[in-house]
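Inspection log for the structure reproduced underneath, given as structure tokens.
The values are calculated or read from the model by the stated rules, or taken from the named source; none is laboratory data. A quick note: this is a predicted structure, and the numbers were derived from the prediction, not measured. Here the Cβ positions follow ideal geometry from the backbone for every residue, glycine too, while neighbour counts run over all protein chains shown. SASA here: full protein model, heavy atoms, side chains in, ligands and nucleic acids out. Shrake-Rupley method; radii C 1.70, N 1.55, O 1.52, S 1.80 Å.
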Amino acid sequence: MSSTAGAGPRIYRGLGRRERAGWIMGLTPLQALVCVASAAPVLLAISAGRWPQALTLAAVGGLTAVLVVVPVRGRPALRWLADLLMFQTGVLMGWSSWQSRAAAGIPGPAHEPDLPGVLTRVVFPDGPPFRDQGRVCLIHDTGEGRWGATARLTHTGVGMLSDAECERLAARLGNLLLGIGHREVIDRMSLLVRTVPDDGTEYQVWRAGHLDPAAPPLARRTTAELDATIGSISVRTELFVTVSGTETALRRPAQAAGGGVTGRAYALYRVLDGLDDGLKALGVRTVSWLSGAGMAEAIRTGFNPAAAAVLTNHHLTHAGSHADQGGAGGLPMAAAGPTQAPSPAPRAYHHDGFSSVSYAVLMPEPGTVFGSLGPLLGVRTAGERRTVAIHYEVMNQRSASRAVQGNRFRSNVITDWKRQKGFSATAVDERQAGGALAQERAVAAGHAMVRFTVAASITVPAEWNLEDHAAKLENDASGRFRLLRLELAQDSAFVSAALPLGIGLPRLRGALQ
């Protein structure tokens, strides 16, 4: 999906436009070629008068066209067959099941990550000290060739804001993305929000240090009952932002800064230093760039929400070793991942005594408003966790101009062809043509073209009925968004929706760097 960014209205339109829309009756060139290749033997058999053979070839060709063209829940049938084959092969060969080295009794170095699935390609080198926040953990995605960093944010939320205030925040978000588009080092920004059960650790530690031994027993019992009643339904929100850039964009400034990991860190730091003001304009109170131990905790609590209580208690009772401040007493990266992740089920992902279901959130064609994703984070049952991640990529001016010109040219070709054949343009054609022209004008006026994806997930203890809670999330999205359950890829979808690593936006084919 793509849209334009800049100072604009609170309503975001044109969000449902596909990146690779088909040119020939909605088909891609490859799909059209397969259909033509399937129809050619049928026509040759008919021209030769071999009718039985023509009927047989027509049945085979029709089945092939259906497998290649007809989408089934977001994927063509042939793609489903290929994905199912790979999924079952991984399960039968034992490639999908995973166990940490520590659980197997062979722990590795403390600084070496031990993560499953798609995370095996990610390394986390520590950069040099950054301002007063200590060392910042860099995220190096070796598969995508990207370097990034993650910060933990505190925000008051937008649920109680007026329409005018939300409109101002929407314009500021557009300005922030526009500013990213003008930089040469980074081009992606990911926002992750996690609504997690409040374990009450902070209050329990504070209360243990302030408990009066002379307090009346009745007051103690009453307080304990209130804590049990209110604490069981309390939730808290975690907010992360991840920014990253390509190796191609970082190579030259990194060489000027000394090269290697340190040079890439300094190139990123120059950008991070200017992002704080843009984030605080969105209502963010504090921005804390995570160290290696802080990143390990963010990943660990993503896999195991119950681990947050132990980690928080350690920080509160051992002053000076807070992970975000780079203390040596933080969680090592080797313990960041889950202890065990059995073979993923086709429709769910099981990890460390919890089960998760992840979805791709498809934006409505008429548009949406700022803050409309809030219902997806509304916890319905005490003990469940919900997450929403939005991954943005700001395209450079050349790629954006080429994309919008291609969209407009394709819309004009389809409209002109229908007019020549005597067909009137449909409302869908007119809307697409108008949207393509509006996007081209916006890019020509200096706005940025933004690619984005939205992912959501729900996590519950493994002994709960996962499908009931997944249905509640789908009900909250009903009438607002369409949720596409990412079957056969729930482990990778979980990384996109629940972990603050900036992974979740596929590479744009043919993009200019």
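Pick from ARG135, ARG194, ARG188: which is in contact with a strand residue (DSSP E or B) (Cβ under 8 Å, 6 or more places away or on another chain) and open to solvent by less than 10 Å² (accessible area, probe 1.4 Å)?
Working: ARG135 fails: open to solvent by less than 10 Å² (accessible area, probe 1.4 Å); ARG188 fails: open to solvent by less than 10 Å² (accessible area, probe 1.4 Å).
Just a single option satisfies the conditions, and that option is ARG194.
With the requirement that a residue be buried (at least 16 other Cβ atoms within 10 Å of the Cβ) and either among the hydrophobic types (A, V, I, L, M, F, W, C) or touching a Ser or Thr at 6+ places or on another chain (Cβ under 6 Å) (or both), what does region 251-282 give you?
Within region 251-282, ALA254, ALA257, VAL261, ALA265, ALA267, LEU268, VAL271, LEU272, LEU275, LEU279, LEU282 meet the criteria.
If the Cβ limit is 9 Å and pairs must be 6+ apart or interchain, which residue in region 187-211 that is under 30 Å from VAL495 (Cα atoms) and assigned to a loop (DSSP other than H, G, I, E, B) pairs with which residue that is among the charged types (D, E, K, R) and at pLDDT below 75?
GLY200/ASP227
What strands (runs of 3 or more DSSP E) lie completely within region 84-164 and have 2 or more residues being over 19 Å from the mean Cα position of the chain (by Cα) and at pLDDT below 85? Quick ask: steps written out before the conclusion?
Details: elements: 126-129, 135-137, 139-141, 146-155.
Passing ranges: none, list empty.
Which members of region 95-124 meet the condition of being in contact with a Ser or Thr (Cβ under 9 Å, 6 or more places away or on another chain), open to solvent by 20 Å² or more (accessible area, probe 1.4 Å) and in contact (Cβ under 8 Å) with a residue 24 or more places away in the chain?
SER96, SER97, TRP98, GLN99, ALA102, ALA103, PRO107, PRO113, GLY117, VAL118 - these are the residues of region 95-124 that are in contact with a Ser or Thr (Cβ under 9 Å, 6 or more places away or on another chain), open to solvent by 20 Å² or more (accessible area, probe 1.4 Å) and in contact (Cβ under 8 Å) with a residue 24 or more places away in the chain.
Would you mind finding the one in ALA442, ALA427, ALA448, ALA438 that is at pLDDT below 80 and touching a Leu at 6+ places or on another chain (Cβ under 9 Å)?
Working: ALA442 fails: touching a Leu at 6+ places or on another chain (Cβ under 9 Å); ALA427 fails: touching a Leu at 6+ places or on another chain (Cβ under 9 Å); ALA438 fails: touching a Leu at 6+ places or on another chain (Cβ under 9 Å).
Going through ALA442, ALA427, ALA448, ALA438 in turn, just one is at pLDDT below 80 and touching a Leu at 6+ places or on another chain (Cβ under 9 Å): ALA448.
Within region 320-332, identify whether any single residue is touching a strand residue (DSSP E or B) at 6+ places or on another chain (Cβ under 9 Å), buried (at least 17 other Cβ atoms within 10 Å of the Cβ) and either modelled with pLDDT of 90 or more or small (Gly, Ala, Ser) (or both), and answer yes or no.
Scanning region 320-332, I find at least one residue that is touching a strand residue (DSSP E or B) at 6+ places or on another chain (Cβ under 9 Å), buried (at least 17 other Cβ atoms within 10 Å of the Cβ) and either modelled with pLDDT of 90 or more or small (Gly, Ala, Ser) (or both), so the answer is yes.
Identify the single condition in (1) modelled with pLDDT of 90 or more; (2) on the phi > 0 side of the Ramachandran plot that GLY283 does not satisfy, given that it satisfies every other one.
If we test GLY283 against (1) modelled with pLDDT of 90 or more; (2) on the phi > 0 side of the Ramachandran plot, just (1) comes out false.
With of a type in the set (A, V, I, L, M, F, W, C), in contact with a Lys or Arg (Cβ under 8 Å, 6 or more places away or on another chain) and open to solvent by less than 30 Å² (accessible area, probe 1.4 Å) as the only criterion, which of VAL369, VAL404, VAL357 stands out?
VAL357
Every residue in region 407-437 that is within 26 Å of ASN396 (Cα to Cα) and either among the charged types (D, E, K, R) or under 27 Å from the mean Cα position of the chain (by Cα) (or both), please.
Those that are within 26 Å of ASN396 (Cα to Cα) and either among the charged types (D, E, K, R) or under 27 Å from the mean Cα position of the chain (by Cα) (or both): ASN407, ARG408, ARG410, ARG431, GLN432, GLY435, ALA436.
Does GLU167 meet the test of being surrounded by fewer than 19 Cβ atoms within 10 Å (Cβ to Cβ) and closer than 24 Å to PRO506 by Cβ? Please lay out each step first, then the result.
Working: surrounded by fewer than 19 Cβ atoms within 10 Å (Cβ to Cβ): yes; closer than 24 Å to PRO506 by Cβ: no.
When the stated conditions are applied, GLU167 does not pass them.
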